[in-house]
Amino acid sequence: MSYVAIQAEGLGKSYRLGLAAAYGSLRESITNAVRGTVGRAVGRGEKPQVDVLWALRDVSFSIESGEAIGLIGHNGAGKSTLLKLLSRIAEPSTGWAEVTGRVGSLLEVGTGFHPELTGRENVFLNGAILGMRRSEIRQRFDEIVDFAGMERFLDTPVKRYSSGMQVRLAFAVAAHLEPEILLVDEVLAVGDAAFQRKSLAKMAEVARAGSTVVFVSHNLATIQALCQRAILLERGRVIDDAPVEKAVTGYLRSLERGAVTDLLARTDRDGRSWGESKVKRLALYDAISGEPDVVVGGRPGRIVVEVTKAVPMMECQLTILNNLGQPITTLDSELSSPEDVREPGGEPRIECRLEQLPLIPGRYRIDVVLRGRQEIQDGLQAAAYFDVEPGLSSGRPMPADGSDGDIVLPHSWRLPA
């Protein structure tokens, strides 16, 4: 029998920006107190304006037990904040959320792990946090270790694990210790492709067994495969709560609307951005016709990224995705080639040349991550869109739009006469 596993009403979370840390030194506290007293004495005692950021605002929804729900939206839409509120890691500023059942969560690399304890000890610690008895954890222990593939490192302190190892063990614990509600952020992207596939299959198994799954991901194909329903967030508000196909379509339309605006005005940038240099324009050109944003399949192309400032050790990563948001290929300048060129004192502009673009006809988007000084400087989803028109791949006509797959590999046949 189903019941309401998660209920939220008027849920909101605000943060005050630009305030001094509460854990400053004694000298700073005394100095600030004296400044306040003197300021009031000379008539400058007005309170400073407080900049408030609402990460979530007036969010209401209901999730039945056994449902698999996707949370989708731009960077900064409030997805991770919502999961933190549901996990009770953070307290809401307004409204309330009621979560009924044992919660297993995987929100960040290392969440719930004590770095000084071994992998084995952390499995038992996480189980205890979930409210399981030691005998129950022992029953599941071998299954957890086998799923994570971590037997060799079980007695090594977690602080010596790589981020991928931490994710593997954390997910194995969260998914196998019989949670009634499983909350998973996009942290699974840290793992390798084989582990991601295994994790998605496990989440589907958990959902079929009657547990509730709430999953955050930018991979829309994964959301569609795992979830029957999706909640679309934009700037901290619920824009749509609908069957997954409808919500994903709304999200894709919002991404495309963002791509035609001034890129410097966009607020949905990568939250890890350093910000010394930003992407101000991105376009793909047909190298033969010179036309932007429309290319003929099979022809050479070039992607031009204009940035606000050239910084030392600048690198660029471009990901081309199809109209369902599925990544097709990633082009990363950090994986260098002898053909790459670096121009001292050059313009704040990056160019990626493609010998041919073997994409079938259709509409595609480009995501970008800009690096410099070994830091992420900027990042945007759907920084540009482009269309591919029918062309030739090594002299062979390309299939029509809507064919299975997205690319045409150069190939030849040997057939009986």
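Listed by chain and number, the lysines whose alpha-carbon sits under 27 Å from that of LYS159, ignoring those within fewer than 8 places in the same chain, are LYS84, LYS198, LYS202. Look at the alpha carbon pairs under 8 Å that are at least 6 residues apart: their mean separation over the length of the stretch 186-318 gives a relative contact order of 12 percent.
Sparsely packed loop sites in the stretch 191-261 (the trypsin sites (Lys or Arg not before Pro) outside DSSP H, G, I, E and B with at most 16 other Cβ atoms within 10 Å) comprise ARG235. Annotation: lysines with alpha-carbon distance below 22 angstrom to LYS246 (same-chain offsets under eight excluded): LYS79.
Panel note: the C-alpha atoms of the stretch 212-358, placed on their principal axes, show extents of 53, 36, 27 Å (largest first). Divided by 2.2 N^0.38 Å, where N counts the residues, the Cα radius of gyration of the stretch 278-351 comes to 1.19. Between the amide H of ILE407 and those of ILE360, distances stay under 5 Å, these residues lying 5 or more places away or on another chain, with hydrogens modeled in the peptide plane. The alpha carbon radius of gyration of the stretch 250-313, expressed as a multiple of 2.2 N^0.38 Å, is 1.34.
Put simply, the amide H of LEU56, placed in the peptide plane, has neighbours under 5 Å in LYS13, leaving out anything fewer than 5 places away on its chain.
Rounded to whole numbers, the Karplus 3J(HN,Hα) couplings from phi for the stretch 167-182 are 5, 4, 6, 5, 5, 4, 5, 4, 8, 9, 8, 6, x, 7, 9, 10 Hz, using 6.51 cos²θ - 1.76 cosθ + 1.60 with θ = phi - 60°, and x at Gly and Pro. Only helices enter the 222 nm calculation for the chain: every DSSP H run of n ≥ 4 contributes -39,500 (n - 2.57), and dividing by all residues gives -8000 deg cm²/dmol, rounded to 500. The structure shown yields P(r) over Cα pairs in 20 Å bins from 0, in percent, and of the options (1) 22, 53, 22, 3, 0; (2) 22, 49, 27, 3, 0, 0; (3) 25, 59, 16, 0 that calculated value carries the label (2). Could you size up the charge dipole of the stretch 374-417 around its Cα centre, putting +1 on the beta carbon of Lys and Arg and -1 on that of Asp and Glu, and report it in debye to the nearest 20? Here the stretch 374-417 has a charge dipole of around 460 debye. For the stretch 112-224, the convex hull drawn through the C-alpha positions has a volume of 97 cubic angstrom per residue. Each principal axis of the Cα atoms in the stretch 99-177 has its own extent, and those three values, largest first, are 34, 25, 21 angstrom. Computed from phi, the 3J(HN,Hα) profile of the stretch 135-146 under the Karplus parametrisation 6.51, -1.76, 1.60 (θ = phi - 60°) reads 5, 5, 5, 4, 4, 8, 4, 4, 5, 5, 5, 5 Hz, with x in place of Gly and Pro.
Throughout, read-outs are computed from the coordinates displayed, never taken from laboratory work. Since the structure is predicted, the reported quantities are computational estimates derived from the model, not experimental observations. Note that we place each Cβ from the backbone using ideal geometry, even for glycine, and neighbour counts take in every protein chain shown.
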